[in-house]
Structures are given as structure tokens and as C-alpha cells.
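Any read-out appearing in this document is the output of simple, stated calculations on the displayed coordinates, not a laboratory observation. Because the structure is a prediction, the values reported are computed rather than measured. Positions of Cβ are generated from backbone atoms using ideal geometry, with glycine treated the same way; all protein chains shown enter the neighbour counts.
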């Protein structure tokens, strides 16, 4: 019988592939970002207004020593979750991520989609393409050449059918058009978490960012719970890990929201995901939905928060709340 042996939650922010000096360069264009900024009440805000209302102590978050300490904490977090995967050595990884108009666009924006091709193509495009000063580029940045990575197509196809039988309606992709690669939510797993070995994925995409068909956190949890039931029904002796990437709060750091959500994960259970303030799940905060789906898949397992690292990149408070956790 198949069994989920490990759950992993990790942020996938570009901060995790950059040195702190590059955080500041990225922050220098936050007033021109293509993503809308929202304050910690969930209200749309311009960068200048966010800067004007930022607490005076926010400037101290940009102290170079503190930023370097946070960078080192992030690296330690990545090593910890990568080691957890290596130690578990699963037969397959069910990967949960969101797409930011990298694969899906307004002509076709599924709320839930499963990829079941034999391989998943990687191309240095969109978020994964280096767009900053050459001298700031880290060796940890995404590869800039085309690659292909393994998918367990047979189990992915079975999972699509299982979800349909349980009342969910996943879209699916068996291949991408020529010149189209995976989203960064999966590229991060292949590049930074599979250090010693490349395991095949079952890639699951949800629409976290874009109205009007964003999955609610409770719906995400329920899909995760269905994934757990599906895996338990597989007769083969298969060890499965479930990995979700994204979040926590960004592009404005919201430590209060992040800690409230981490408490929900720590306590376990379903109903608390319905209490998440939907108005505050805007822009990058919306990726908490990926973790809610993971929480449903591993409900009943033991949660271990490896670290939470609030990473600021401007005196206005923009940046990302970085988190790493496992369930065993």
C-alpha cells in the first residue's frame, strides 16, 4: 500500500537564490512592480504611501549584518528540507505550486491542474530569467539552459482520475507548447531541494493569484485531504512525499499573518483554514493556499517548523516572509 512518508513546505522566493545585495536591487523596483501591492489590512496601496506609513524601525531591517544573518538562516532552511527529502528517499514527490502567468494565462486559467507528461520541460523564462546586474548574480540562481526533468506520468494520470472520482474537477496538461517551460514553483524544487538525487514529480498547479477562480484555503485543504486518500488507495508499495512551495507573505512582509498561519499549521485540522482572512490573501500572500493544500495531505502527521525568516528589502516593508517546515 502506498504511503505519504513526508510533507515539506518551503518558500520559493527569488530571495532564496540571491545574495542580500541583490535583495536591495530587487527592492529598488518595488515601486514599479507588475504585481499590485497590498498593505497588511489587504488594501491596495502605492509604494510611496506604503513607505509613508511604514514604522520607523523598518529601516533597521535593512542593516547589512541582519540581512546576512537572514540569508544564512535561509540557506540553513533549504539544507534542512533538502536533507529531509534525501533521508526519506521517496519513490515520487507530489508537488504543489502556483503559476504566475508562466504557463497559464487569461485564455485558460484553471483553478486546479495536474501535469501528466513523461517529462516536465525547464526553460529560463519569466521569473527564472536573471534580470539584474551581472555582478550580483549568484551561483544559486536558476540554471539558464533548457532542461527536462522526470514526471511519474502513470501515477499522475491515476491521481487525476482519483480526484475526479472524489468530486473534484482538475484540468490537466500532458505536454506544453514548444517554447513553454514549467513554472518557477516546480523549478525551485528541482534546482534547490533535489541536491543529491532527482525524484520524479507529480506536478499540481493551483491558481492562487488571479481572480475570479482562486481556490479558497478550505477548498485547498480538502483537495489535499483527497490526495491523501487517493495515495492510501494505491495498492503498490510506494513511498510518497508531498512538497508545497510558495509564500509566506509578500510582496509586503506581514509577520502577524505569517505567524497566525504557522499556528494553524502547528495545530492541524481543517476548519481553521476557513478562518484565514481572505482579504489579506492578496498578491504573494495568496500562496498560503499551497500550504493549506499540503496541510490537508499530511493532516495527522507531526509538524516541525524549521525556521521562519522575515526578509525585508525596502524601508517600506516590502520583501518576503520565508518559511521552511516538515511533517513526518
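Computed over the range 235-328, relative contact order equals 39 percent, with contacts defined as Cα pairs under 8 Å that lie 6+ residues apart. Modelled label positions at residue 101 and residue 146, each set 7 Å beyond Cα in the direction of Cβ, lie 2.5 nm from each other.
Here, the range 243-323 is characterised by an Rg to Rh ratio of 0.96, where Rg is the alpha-carbon radius of gyration and Rh the Kirkwood radius.
So what is the 222 nm mean residue ellipticity for the chain from helices alone, if each DSSP H run of at least 4 adds -39500 (n - 2.57) and you divide by all residues, rounding to the nearest 500 deg cm²/dmol? Let's see the in-between values first.
Working: 8 runs with 98 residues, N = 328.
Per the formula, -9500 deg cm²/dmol.
Can you list the residues of the range 19-61 with backbone N under 14 Å from a point 7 Å past the Cα of residue 255, pointing along Cα to Cβ? Counting backbone N atoms under 14 Å from the label point, the list is 55-61.
Please report the base-10 log of the normalised intensity I(q)/I(0) for the chain, using a Debye sum with one equal scatterer per alpha carbon and no solvent, at each q in 0.07, 0.08, 0.12 (1/Å). Taken in order of the listed q values, log10 I(q)/I(0) reads -0.25, -0.33, -0.78. For the chain, the longest principal axis of the C-alpha atoms and the axis of helix 217-233 are separated by about 30°.
When you count the other C-beta atoms within 10 angstrom of each residue and take the mean per peptide, 228-237, 84-93, 14-23, 319-328 line up highest first as 319-328, 14-23, 84-93, 228-237. Label separation (residue 25 vs residue 65): 2.6 nm, computed from points 7 Å beyond Cα along the C-beta direction.
Distances over 19 Å make up what percent of all Cα-Cα pairs in the range 178-249?
Details: 1263 of 2556 pairs.
Counting pairs separated by more than 19 Å, the tail of P(r) holds 49 percent.
Put the Cα centre of the range 206-228 next to the Cα centre of the range 279-321 and the gap is 15 Å.
Looking at the range 6-134, what % of the alpha carbon pairs are farther apart than 27 Å? Value for the range 6-134: 38 percent of Cα pairs lie more than 27 Å apart. Could you state the angle between the C-alpha long axis of helix 153-165 and the longest principal axis of the C-alpha atoms of the chain, as a value from 0 to 90 degrees rounded to the nearest 10? The answer is roughly 90 degrees. Relative to the longest principal axis of the Cα atoms of the chain, the long axis of helix 288-297 makes an angle of roughly 30 degrees. Packing here is the average count of other Cβ atoms within 10 Å per residue, and on that basis the peptides 120-128, 42-50, highest first, run 120-128, 42-50.
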